[in-house]
1. Return the residue satisfying two criteria in turn: it lies in the stretch 108-129 and is touching a strand residue (DSSP E or B) at 6+ places or on another chain (Cβ under 7 Å) and in a loop (DSSP other than H, G, I, E, B), and of such residues it is surrounded by the fewest Cβ atoms within 10 Å (Cβ to Cβ).
2. Only one of these conditions is not met by Ser31: (1) modelled with pLDDT of 95 or more; (2) under 20 Å from His126 (Cα atoms); (3) among the small types (Gly, Ala, Ser). Which number is it?
3. When the residues of the stretch 68-94 are filtered to those that are in contact (Cβ under 8 Å) with a residue 24 or more places away in the chain and in contact with a helix residue (DSSP H, G or I) (Cβ under 8 Å, 6 or more places away or on another chain), which remaining residue is farthest from Pro19 (Cα to Cα)?
4. Scanning the stretch 88-107 for residues that are outside any strand (DSSP E or B) and surrounded by 14 or more Cβ atoms within 10 Å (Cβ to Cβ), which turns out modelled with the highest pLDDT?
5. Among the listed residues Leu34, Leu47, which satisfies the condition of being surrounded by fewer than 16 Cβ atoms within 10 Å (Cβ to Cβ) and either acidic (Asp, Glu) or over 13 Å from the mean Cα position of the chain (by Cα) (or both)?
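The values are calculated or read from the model by the stated rules, or taken from the named source; none is laboratory data. This one's a predicted model, so the numbers in the text were calculated from it and none came from an experiment. Because the Cβ atoms are built from the backbone with ideal geometry, glycine has one as well, and the counts that use them run over all protein chains shown.
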Amino acid sequence: MTPSPTVTPSAASITELDPSYRIPLSLVGVSLPLAGLNLWLGGVVGLFGVFLGIQAITLRLRFTETALDIYRGEKQIRQFPYAEWEHWEIFWAPVPILFYFREVKSIHFLPIIFSPSQLRSALETHCSLPLN
């Protein structure tokens, strides 16, 4: 008896999002005048911007045929199967800042540190849910 082959998704069926540094750079930019008004507040906002910048550099979102996979470098750190998704939404359309999706047992919020247009397109292609 021969073992059955392992099925792997084709590269064409995987969508990897490009990083976007809009929010991290905006936060760092806003932190400079804030530091003049309140050093602690400016420092916290600036550090959060740097943190999001590092996340934009290191994290990758990959949409496969069955799940949203999150990678740090080449290591997969989370997987969210679409079968468990109930709803998704991108908040504040003029300047997308937050991606929200709800699974059967949990909710998730991700800052938009990747291309918002690629995100919307990938969601509509890979995870077309009826939006409420």
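1. Among those that are touching a strand residue (DSSP E or B) at 6+ places or on another chain (Cβ under 7 Å) and in a loop (DSSP other than H, G, I, E, B), it is Leu129.
2. (2)
3. Of everything passing the filter in the stretch 68-94, Tyr82 is farthest from Pro19 (Cα to Cα).
4. Ile97
5. Going through Leu34, Leu47 in turn, the sole match is Leu47.
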